[in-house]
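S.K.: Please find one structure pasted underneath; my questions will follow.
The values are calculated or read from the model by the stated rules, or taken from the named source; none is laboratory data. Keep in mind that what you see is a predicted model, and the values were worked out from it rather than measured. Neighbour counts run over all protein chains shown; Cβ positions are idealised from the backbone, glycine included.
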């Protein structure tokens with residue numbers, strides 16, 4: 001299972017592959033619950049679950065209760081109604097990715113959590 005956590009203040013996000021013992025902590029949690037970040041290496045942080053997707057790629061819908069896949073009616077941009085497949089708002093073993101946002105900050109700085117990847121400046125002359 002992967003978690004993608006983001007900082008609303010800076011707009012940065014990072015992705016972490018969870019170990020099986022850490023992913024057990026998220027099982028049976030619901031979208032919009034606030035969890036402690038300690039099992040994920042974010043000591044002192046509080047994270048709010050905002051969504052995710054299952055192993056088939058279907059998005060988690062906060063409006064569908066439970067953990068089953070279902071087809072719901074959505075309005076398209078053209079105004080027509082259409083059905084899409086979504087997964088319920090409970091995180092299960094079939095969940096592949098969980099999206100989270102930081103609500104409370106810990107002692108570790110945000111710069112350490114969101115390292116800059118591959119940004120090397122080359123001078124053009």
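S.K.: Quick one: what pairs do we get from the stretch 77-90, first residue more than 26 Å from residue 28 (Cα to Cα), second at pLDDT below 95 and not in a strand (DSSP E or B), C-beta under 6 Å, 6+ apart or different chains?
M.R.: 82/76
S.K.: Can you name the residue in the stretch 58-76 that is part of a loop (DSSP other than H, G, I, E, B) and free of Cβ contacts under 8 Å to residues at least 24 places away in the same chain and is also nearest to residue 28 (Cα to Cα) among such residues?
M.R.: Here the answer is 68.
Results for (1) at pLDDT below 95; (2) over 17 Å from residue 18 (Cα atoms); (3) surrounded by 12 or more Cβ atoms within 10 Å (Cβ to Cβ), shown as yes or no for each residue.
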| residue | (1), (2), (3) |
| --- | --- |
| 55 | yes, no, yes |
| 61 | yes, yes, yes |
| 70 | yes, yes, yes |
| 76 | yes, yes, no |
| 84 | yes, yes, yes |
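S.K.: I'm told residue 98 meets every condition in (1) out of contact with any helix residue (DSSP H, G or I) (no Cβ under 8 Å at 6 or more places or on another chain); (2) surrounded by 14 or more Cβ atoms within 10 Å (Cβ to Cβ); (3) modelled with pLDDT of 75 or more except one. Can you identify the failing condition by its number?
M.R.: For residue 98, the exception is condition (1).
S.K.: Moving on to the next point. Quickly run through the stretch 37-57 and pick out the residues that are out of contact with any helix residue (DSSP H, G or I) (no Cβ under 9 Å at 6 or more places or on another chain), assigned to a loop (DSSP other than H, G, I, E, B) and under 21 Å from residue 107 (Cα atoms).
M.R.: 37, 43
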